[in-house]
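Worksheet: the structure to be examined is printed underneath.
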Amino acid sequence: MKGSSHLTIGAAAGLGAAVYLHTDPFSTVSLVGLGALSGLAPDLDVNGKLSNRITVSKKWLITFFSAAGILLSIYSYLEKSGFMQSAGIAIGLCLLLLPRLFIKQRTMLFLTGVFLFYIGWQTNVVWVMLLSVFIAVSSFLSHRTLTHSIIGVACFGFIGWHFEQSVHLEGSFITAVAGYASHLVADMKVWPVNKRGVKWFLPFFQKEF
Ligand SMILES: [Zn+2]
């Protein structure tokens, strides 16, 4: 199913939670937004779909590595001698050249997770740290595996629960779970638009539904 459909269904799940809990208008809008994001989250494992949008810009990162490489080369040339000088210059040149060749979408997604973890750790916000781990792990998984299973729902729900404790937005937990689960239901084989189904019980059973 397309990303826009997942977004819409997730948003509807958020709205449902808001109606159910009789939330105020601001919370309602927040829950709809949260539901939309939760509805997209399982596809973080898709190369270049949602992952395209949330990663730190590739260009920016290449620029960062290049600058670091140039600085390291100059520093080694001026301040070091012998083996350290050659090694410093060599590493600097690698930093300058290699990212251009090897930085892929998946790498970017992983680095975004690492970057986010650092922010969460520095600010001591648990849900940001958990979300960053979720993103980093997703970058290694193949499409429609663990993110599209009950374990994925549970992990995302755990993040949603911490989010609710932290920002005190009532209904965040339910919305995160409902939005995320809505994605998996929409991906199931019972719908004619889907060629592949969802392996709800990975890694224990391989059966596709
Ligand atoms: Zn999916």
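Scan (1) modelled with pLDDT of 90 or more; (2) open to solvent by 20 Å² or more (accessible area, probe 1.4 Å) for the single condition residue 105 breaks and write down its number.
Checking residue 105 against (1) modelled with pLDDT of 90 or more; (2) open to solvent by 20 Å² or more (accessible area, probe 1.4 Å), the one that fails is (1).
Determine which single condition residue 203 fails, assuming it passes every other condition in (1) open to solvent by less than 90 Å² (accessible area, probe 1.4 Å); (2) away from the ligand (no atom under 16 Å from the Cβ); (3) not in a loop (DSSP other than H, G, I, E, B).
Looking at each condition in turn, residue 203 falls short on (3).
So is residue 39 away from the ligand (no atom under 16 Å from the Cβ), at pLDDT 95 or above, surrounded by 13 or more Cβ atoms within 10 Å (Cβ to Cβ) and within 23 Å of the chain's Cα centre (by Cα) or not?
No.
If you take the residues of the stretch 135-150 that are in a helix (DSSP H, G or I) and away from the ligand (no atom under 15 Å from the Cβ), which of them is nearest to residue 37 (Cα to Cα)?
135
Can you spot a residue in the stretch 62-84 that is away from the ligand (no atom under 16 Å from the Cβ), touching a helix residue (DSSP H, G or I) at 6+ places or on another chain (Cβ under 8 Å) and acidic (Asp, Glu)?
no
What is the number of the single condition among (1) modelled with pLDDT under 90; (2) part of a helix (DSSP H, G or I); (3) among the polar types (S, T, N, Q); (4) closer than 30 Å to residue 11 by Cβ that residue 63 does not meet?
Status for residue 63: all satisfied but (4).
Checking the structure you have, find out if any residue of the stretch 94-102 is of a type in the set (Lys, Arg) and surrounded by 13 or more Cβ atoms within 10 Å (Cβ to Cβ).
There is no residue in the stretch 94-102 that is of a type in the set (Lys, Arg) and surrounded by 13 or more Cβ atoms within 10 Å (Cβ to Cβ).
Of these, 179, 197, which one is open to solvent by less than 20 Å² (accessible area, probe 1.4 Å), of a type in the set (Gly, Ala, Ser) and part of a loop (DSSP other than H, G, I, E, B)?
One residue alone meets the criteria, 197.
Being within 16 Å of the ligand (Cβ to nearest atom) and touching a Leu at 6+ places or on another chain (Cβ under 7 Å): is that true of residue 103 here?
So residue 103 does not fit the description; no.
The values are calculated or read from the model by the stated rules, or taken from the named source; none is laboratory data. What you see is a predicted model, and the numbers here were worked out from it, not measured in a lab. Every residue, glycine as well, gets a Cβ built from its backbone with ideal geometry; the counts of neighbours run over all protein chains shown. These accessible areas exclude ligands, DNA and RNA; they are computed on the full protein's heavy atoms, side chains included. Shrake-Rupley method; radii C 1.70, N 1.55, O 1.52, S 1.80 Å.
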